[in-house]
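Below you'll find the structure, written out as structure tokens, and then a few comments.
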Amino acid sequence: MIQDIFPHIMHNSFKPGLSPDADSIVIALNGNDVLIKGDLFPKLSDLPWLDRGRLTYLFGVDDENRYFLYDVETPDEIKAPEGYEFVNIRKLRSSGFPKKYRVFVAFTALQLANWYRNNRFCGRCGKMTFLDDKERAIRCECGNIIYPRIVPAVIVGVTNGDKLLVTKYARGFAHYALVAGFTEIGETLEETAAREVMEETGLKVKNIRYYKSQPWGIVDDLLVGYFCDLDGSDAITMDSSELKVAEWRSRDEIELQPDDYSLTNEMMKMFKEGRI
């Protein structure tokens, strides 16, 4: 999956007051587009025009690489070095050239960038906020503390003997997937799994069991994967506002996604190969 970047290691602990040097790596974001050349992000030394005062420490990778965020505010400040270009992060996933850990870096950087962007003003009193100097948090003088936004959601593999329920979303991602959805207030993750299956396909499930989790920073998610068994009728009543395909497929009929980044794909692969 996208977070499986071994032998690389991401160090996401907060380091207040850490200053960039010439070799620091800059994640320059213009909206959802990231500055990149092939599979390389620029170093600070590549960007002499950059206002260092607007750099924000993100995280480290391995022992030496320090990553800083530069959020582009106006088009006229963009002076991309030769060979570099801004690429949409969603397209970066399917481009075929970046190393997996660099895609993970871009996804996680965008998650933090959106958190900074969306909390420049306090939602309680409306005043301008400031960054905390002891932890990764945003504060307001009114006492409001804002932590990075993490949204729980489930991925559900519904099994029916040697068949798996597969879906295709009504919009967006075009490849086969599984039932998925966000957790509602007052709901356990297991209740979310059962509810989403019922809402999207009209099926009842039992024996809901945890498989694995995955951060998915491009939409602030923490995805939690479950397998469960069909309970009762296998007749599907598809919610066409959410899905365009919902069907049972045997192990040899399952079509995997084109990359190994997602929890969804790993779960489908596990079932296809008879390991679930």
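Just so it is clear, none of the values below were taken in a lab; they were calculated from the coordinates. This structure is a prediction, so every number in the text was calculated from the model and none was measured. Because the Cβ atoms are built from the backbone with ideal geometry, glycine has one as well, and the counts that use them run over all protein chains shown.
Points worth noting:
- Sorted peptide list for 145-157, 192-204, criterion being average Cβ within 10 angstrom, highest first: 192-204, 145-157
- Between helix 189-201 and the chain: long-axis angle, C-alpha atoms, 0 to 90°, nearest 10: 60 degrees
- Exposure proxy order (Cβ contacts within 10 Å, fewest to most) of Phe227, Phe86: Phe86, Phe227
- Pairs exceeding a 26 Å alpha-carbon distance, out of Lys37/Lys168; Lys99/Lys269; Lys15/Lys37; Lys168/Lys212; Lys163/Lys204; Lys43/Lys127: Lys37/Lys168; Lys15/Lys37; Lys43/Lys127.
- Among Lys134, Lys15, sorting on how many other beta-carbon atoms sit within 10 Å of each Cβ, with the fewest leading, yields Lys134, Lys15.
- Dipole magnitude of the chain, debye to nearest 20 (Cβ charges: Lys/Arg +1, Asp/Glu -1, about Cα centre): 260 debye
- Using only alpha-carbon positions in the stretch 1-80, the gyration tensor eigenvalues give semi-axes of 22, 15, 12 Å once each is multiplied by 5 and square-rooted (largest first).
- Note that the stretch 195-272 shows a convex hull volume over its alpha carbon atoms of 119 Å³ per residue.
- Three principal axis lengths of the chain [C-alpha, angstrom, descending]: 63, 45, 33
- Relative to the longest principal axis of the Cα atoms of the chain, helix 100-118 runs at roughly 70 degrees.
- Against the chain, whose longest principal axis comes from its Cα atoms, helix 263-272 is set at around 30 degrees.
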